[in-house]
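Student: Below you will find the structure I want to go over with you.
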Amino acid sequence: MSVDRSENNSVYQTFKDRKIGLALSGGGHRAAVFHLGVLSYLAENGLLENVKRLSTVSGGSVVMALIYRLNAYNFPDSRTYLENILPHVRPYFTEHSLQGSALLNMLKKLTFINRHSMLSYTLRENWKIDVNMQDIAEHPVWSINTTVLETGKSWRIEKQKMGSYGLGYVTYPEMDLADAIAASAGFPIGIGPLKLKTRKYDFFPKSMPEQKSLLLYDGGLYDNLGIEVLIKKNFTKFAKGIDFAMLSDASKPLETESVRYWSRVGRIIDVSTEQIRSLKVRLFHKFLHENKGDCMHIRIGTEYASLEQDAHSAKSVATNLKKMSQADFESLQANGYTTAMKMFDRYLTEI
């Protein structure tokens, strides 16, 4: 793979002056590897330099943290991504299990109380993600999405600001990156929440309730797509600093299946999450139609004849942080790359 910024590259020529906001959805390691393929296509066309805002949820947060770690905690340019990052990411998903390692660490430490801390501990120990939010690059602005259990609202963690509407904000928060990522991926039952001790921070405005802590869960409970960071005012205008919104959506489709007694709680969560996702997608597509030429939805498993097998394999990968097979890794990455290519081709044809 190489970067093509030639006059013959219609993708680069069309987008070279656009300010891109990029949302990477949740979906565990399935989402993480799909996003790697989408990023590969953007990099080949010299567009990573145009990303001005990043919004990530769960698996999207996990893979972006890894990319930052492999690039000295800077967002990579296109050439760096293709030459120095992409060739080195496969073993993190095919040779190691974040979920299994976190469970092993719980057994070693004889604790089942704070499962969230075991995931953040595993990210530090296994993936060497051991810096503070203040150690990552200033640009692009990266929003790590979580959900406040007490209010049901989104809680965003950025280098520049952390907080939630109605509760207040902290400027330049001191928080471990691993804790932020583990909170974004802290799905109920499996991992659990981050217990944020609010009295450590100076919030503004002074609207924080008189309580010692908040529970931060997976961002997918509120918005598994992360697009509210990019499109503001009830989906009527772009966030400051961008003029194009791109959604890489690796959410697992909800399929018909028999539900056994012990799996009912998980199924109820899946149904609720799918309804939230569907609502956000409808709002995003409404905005897309009203702002033709300014948005793109890259959806996992999109059925094109040329990638039907990869599409089927990609959609079938479970939502978890377990080790995946080489075949699943290749199918997911190929599906992300090819689906992005097809969506860009369609975009250029329509405009």
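Student: With θ set to phi - 60° and the Karplus curve 6.51 cos²θ - 1.76 cosθ + 1.60, what are the ³J(HN,Hα) couplings of region 66-80 in order, to the nearest whole Hz, using x for Gly and Pro?
Tutor: Going residue by residue, I get 5, 4, 4, 4, 6, 10, 6, 6, 10, 6, x, 7, 4, 5, 4 Hz, with x marking Gly and Pro.
Student: Something else: When all protein chains stay in place, what accessible area (Å², nearest 10, 1.4 Å probe) is found for K286?
Tutor: That residue has around 110 Å² of solvent-accessible surface.
Student: Could you derive backbone 3J(HN,Hα) for region 161-174 from the dihedral phi with the Karplus parameters 6.51, -1.76 and 1.60 (θ = phi - 60°), listing whole Hz in sequence and x where the residue is Gly or Pro?
Tutor: 7, 9, x, 8, 4, x, 10, x, 9, 10, 8, 6, x, 8
Student: Using alpha-carbon pairs under 8 Å, 6+ residues apart, how would you state the relative contact order of region 122-168 in percent?
Tutor: 26
Student: I231's amide H: which non-local residues (gap 5+, or another chain) put their own amide H closer than 5 Å, with H modeled 1.01 Å from N in plane and none for Pro or chain starts?
Tutor: A239
Student: Could you tell me which of the pairs K195/K240; K197/K237; K153/K200; K128/K159 are separated by over 24 angstrom between their Cα atoms in the structure shown?
Tutor: Where the Cα-Cα span goes over 24 Å, the pairs concerned are K195/K240; K197/K237.
Student: Compute the length gained on full extension between H289 and K342: take 0.36 nm times their separation in residues and subtract their Cα-Cα distance, giving the result in nm to one decimal.
Tutor: 17.2 nm
Student: Given R₀ = 41 Å, FRET efficiency for L149-S6 by Cβ-Cβ distance, to 0.05?
Tutor: The value I calculate is 0.20.
Student: How do D345, D249, D135 stack up against each other in accessible area, from largest to smallest, with a 1.4 angstrom probe?
Tutor: Sorted descending by solvent-accessible area, the residues read D135, D345, D249.
Student: Whenever you get a sec, line up F15, F238, F204 from highest to lowest accessible area (probe 1.4 Å, protein heavy atoms).
Tutor: Descending accessible area places them as F204, F238, F15.
Student: Tell me, what ³J(HN,Hα) does each residue in region 155-160 have, in order and in whole Hz, if you take phi through Karplus 6.51 cos²θ - 1.76 cosθ + 1.60 with θ = phi - 60° and put x for Gly and Pro?
Tutor: Coupling constants for region 155-160: 10, 10, 10, 10, 4, 7 Hz.
Student: Could I ask something else about it? Heavy atoms of the protein only, probe of 1.4 Å, neighbouring chains included. What is the accessible area of R299 in Å², nearest 10?
Tutor: Counting only protein heavy atoms, R299 exposes about 50 Å² to solvent.
Student: Under 5 Å between amide hydrogens, which residues at least 5 positions from N132 or on another chain qualify, with H placed 1.01 Å from N in the peptide plane?
Tutor: So N132 has HN proximity to L177.
Student: Still on this structure, I have one more. Roughly speaking, what is the stretch gain from A137 to E125, that is 0.36 nm per residue apart minus the C-alpha to C-alpha distance, in nm to one decimal?
Tutor: Result for the pair: 2.1 nm of gain on full extension.
Student: Just read off the accessible area of V51 with the full protein assembly in place, 1.4 Å probe, to the nearest 10 Å².
Tutor: 10
Student: For the pair N71 and Q13, how long in nm is the line joining their label points, each one 7 Å along Cα→Cβ?
Tutor: Taking the simple label geometry, N71 and Q13 are separated by 2.7 nm.
Student: Name the long-range amide H neighbours of T151: under 5 Å, sequence gap of 5 or more, or other chain; modelled H, no Pro or chain starts.
Tutor: Close amide H contacts, sequence-distant or interchain: none at all.
Student: Between R199 and E83, what's the calculated FRET efficiency when r is the beta-carbon distance and R0 is 51 Å? Round to 0.05.
Tutor: E(calc), rounded to 0.05, equals 0.65.
The values are calculated or read from the model by the stated rules, or taken from the named source; none is laboratory data. Computed from a prediction, not measured in an experiment: that's the story for all the values here. Because the Cβ atoms are built from the backbone with ideal geometry, glycine has one as well, and the counts that use them run over all protein chains shown. Side chains included, ligands, DNA and RNA excluded: accessible areas come from the protein's heavy atoms. Shrake-Rupley method; radii C 1.70, N 1.55, O 1.52, S 1.80 Å.
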